[in-house]
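See below for the structure under consideration.
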Amino acid sequence: LKKQDRIIPVVGDDCFVGYIVRENGQIQVPLQQWIAEKLLEDYSSQDTINKIRIEGYRGLDIMFEEYKRFNEDYGFVEYKDSVISIVENGVKANELFLREDVKNFLLAGKFEVIATTCPFHILENEISRGNYKYDVSSFSPISLSKGSKSEASLKLPSIYQIFGDCDGEFVTGEE
């Protein structure tokens, strides 16, 4: 509240890309398409994967339905764990990263707070503010239970994950 004129960029999932290997070499694709291709591999057509990418957040529901189609015994927990594992392995293998133009903008802006819709730990691995690493905090649906008060404040500089954190509680579903 003290700095109401502060600019807080919101970094969406479309600001992240991943490497996919094709017959003609390595290409960059948007994060959601990268996840879909890694998760669904040879089980789904390229048309289905393109539909997942085009549908935005609704594409995640399509991806879940497609995952259930070829993993009949698995439910949402297995799906969530598979996605998290794929992303974590992609981060470790340097296959997932922040788009270069977005990274340059964030570094030039020297923002105290950056909000992101991405629940995965990609952003904080790529940017810092001078000698300081960004502190990461997240929205937690559990903290909104009846009668609870959120007294938390951001430690600056900070990356705030709007939809939660894949390591803990994150928002699932439209509710």
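Among the residues of region 130-161, those identified as surrounded by 16 or more Cβ atoms within 10 Å (Cβ to Cβ) and either more than 27 Å from Val91 (Cα to Cα) or modelled with pLDDT of 80 or more (or both) are Tyr134, Val136, Ser137, Ser138, Pro157, Ser158, Ile159, Tyr160, Gln161.
Of all residues in region 87-126, those being basic (Lys, Arg) and assigned to a helix (DSSP H, G or I) number 2.
Count of region 39-73 residues, restricted to those that are in contact with a helix residue (DSSP H, G or I) (Cβ under 7 Å, 6 or more places away or on another chain) and of a type outside the set (S, T, N, Q), is 15. Evaluated against (1) open to solvent by 50 Å² or more (accessible area, probe 1.4 Å); (2) within 17 Å of Asp14 (Cα to Cα), Asp42 falls short on exactly one condition, (2). So which residues in region 72-83 are over 12 Å from Ile35 (Cα atoms), at pLDDT below 85 and of a type outside the set (Gly, Ala, Ser), if there are any at all? Hits for region 72-83 are Glu72, Asp73, Tyr74, Phe76, Val77. Restricting the first member to region 6-19 and to residues that are modelled with pLDDT under 95 and open to solvent by 20 Å² or more (accessible area, probe 1.4 Å), and the second to residues that are small (Gly, Ala, Ser) and in a helix (DSSP H, G or I), the beta-carbon pairs closer than 9 Å and six or more apart or on different chains are Ile7/Gly109; Tyr19/Gly90.
In region 76-120, what residues are more than 14 Å from the chain's Cα centre (by Cα) and aromatic (Phe, Trp, Tyr)? Across region 76-120, the qualifying residues are Phe76, Tyr79, Phe105, Phe111.
The values are calculated or read from the model by the stated rules, or taken from the named source; none is laboratory data. Keep in mind the model is a prediction, meaning the values are calculated, not measured. Neighbour counts are summed over all protein chains in view; Cβ atoms, including those assigned to glycine, are modelled from backbone coordinates with ideal geometry. Ligands, DNA and RNA are stripped out before the accessible areas are found, and what is left, the full protein with its side chains, is counted by its heavy atoms. Shrake-Rupley method; radii C 1.70, N 1.55, O 1.52, S 1.80 Å.
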